[in-house]
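Notes follow the structure.
The values are calculated or read from the model by the stated rules, or taken from the named source; none is laboratory data. A quick note: this is a predicted structure, and the numbers were derived from the prediction, not measured. A quick note on method: Cβ atoms are made from the backbone with ideal geometry, for glycine too, and the neighbour counts reach across all protein chains shown. What goes into the accessible areas is simple: the full protein's heavy atoms, side chains included, and nothing from ligands, DNA or RNA. Shrake-Rupley method; radii C 1.70, N 1.55, O 1.52, S 1.80 Å.
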Amino acid sequence: MGNYKHSASLCQKAKLLLKLCGITEGLVHMALKNTSAELVLIKTEYNLARSIQLEIVDKTSPEKGPFNLAFAHANLAHIDIMTGAEGPQVLEHVEKSRSLFTALKVLAGLAYCDLLEADLELRDGNPVTVRAVFMRILNTYRGKNKDVTTYCLERLADPVHWGGSASDWTTIFVAHATLSGNKLQICEALRRLGDIFLLENDVDTARSVFQAALDGFTQMDIHRSRGECLQRLGDIQSLKEDSQGAIQFWKQARASFEQSFQAKSVKQIDERLRRVYNEDQVLVIDGEIDQGSHLPVLQ
């Protein structure tokens, strides 16, 4: 329901009770471990999430826990994509996951592997070649698997990848998230909707939408998405010639990106801060906003 802090607390209490009972393995223990791992991943605490997934891989055999092992490798691939790891490292985990899902005949798992490979291509700057992959998998699993459907819509609806051409998909994602009632999905949809308004130069509406999404992400403690909203709010203040306001938002964004190990995003924030602090460069030229300052908003 989006109360991830409380959920994590309940998991810790449950683990402690199991330990007091002398239970350190078994189905309940594994279920709690998987839930804890999922919570950390949702909150984009990628460094901790990776260590948990590696522990699952180390302690799970293909014979006794092939399903958990398959998802652990898939999650490692996802984490490595999000944190900028090299492609071969990502693909190694994808292939291990694919092999296990193939043996188990889990079609949704195989779709997840295809999506991870598409995500890697998207991250590395090859959007044209992968859009069809997201659309194909969405058409196959729409109405059948909500997680796969949401994954595809999140990517297709994101103007970061497709610019203004994502607007129709953004509308669909907003509707999908609203109908689901999932607070995280709703906030992710709002962030993408804010980007559309920003591309259309409706800055005031964009700011309101980003603020609404930011409030949700802050309450849920989702570091990476919180940083994305803060970065955009800083960019808007910069466009409005409010350098001090921009700096405040950007510094908060930097902290959130550091928590989620987003090295590329931290670098982008540092570039913004250097530009503001550099007395030789200004954001307003001859009374007009420097359009170059607007370009990094959706990077």
Among the residues of the range 222-235, is any farther than 26 Å from Tyr4 by Cβ, in a helix (DSSP H, G or I) and modelled with pLDDT of 95 or more? yes
Taking the range 92-143, which residues are without any contact (Cβ under 8 Å) to a residue 40 or more places away in the chain, part of a helix (DSSP H, G or I) and open to solvent by 70 Å² or more (accessible area, probe 1.4 Å)? Glu92, Glu95, Lys96, Ser99, Thr102, Ala103, Leu107, Glu121, Met135, Arg136, Asn139
So Leu48, is it farther than 23 Å from Leu184 by Cβ and modelled with pLDDT of 90 or more: no
Long-range neighbours under 6 Å by Cβ, at least six apart or interchain, first residue free of Cβ contacts under 8 Å to residues at least 40 places away in the same chain within the range 167-188, second not in a helix (DSSP H, G or I): Trp169/Ala157; Thr170/Ala157; Phe173/Ala157
Filter the range 161-181 down to the residues that are more than 13 Å from Arg131 (Cβ to Cβ) and within 17 Å of the chain's Cα centre (by Cα) and list them by number. Thr170, Phe173, Val174, Ala177
Of everything in the range 46-67, what is more than 30 Å from Thr218 (Cα to Cα) and surrounded by 14 or more Cβ atoms within 10 Å (Cβ to Cβ)? Give them in sequence order. Val57, Lys59, Thr60, Gly65, Pro66
Quick check on my filter: what residues within the range 187-204 are part of a helix (DSSP H, G or I) and either within 19 Å of Ala246 (Cβ to Cβ) or open to solvent by 60 Å² or more (accessible area, probe 1.4 Å) (or both)? Arg191, Gly194, Asp195, Phe197, Leu198, Leu199, Val203, Asp204
Count - residues of the range 10-45 that are part of a loop (DSSP other than H, G, I, E, B) and either surrounded by 14 or more Cβ atoms within 10 Å (Cβ to Cβ) or small (Gly, Ala, Ser) (or both): 5
Given the criteria more than 23 Å from Gln237 (Cβ to Cβ), in contact with a Pro (Cβ under 8 Å, 6 or more places away or on another chain) and modelled with pLDDT under 95, does Ser167 qualify? yes
Starting from the range 33-47, keep only residues that are farther than 17 Å from Lys13 by Cβ, then list their pairs with residues that are assigned to a helix (DSSP H, G or I) and among the aromatic types (Phe, Trp, Tyr) whose Cβ atoms are within a distance under 7 Å, requiring at least 6 positions of separation or different chains. Ile42/Tyr4; Lys43/Tyr4
Hey, any hits in the range 269-285 for a residue that's at pLDDT below 95, part of a helix (DSSP H, G or I), within 25 Å of the chain's Cα centre (by Cα) and under 24 Å from Val174 (Cβ atoms)? no
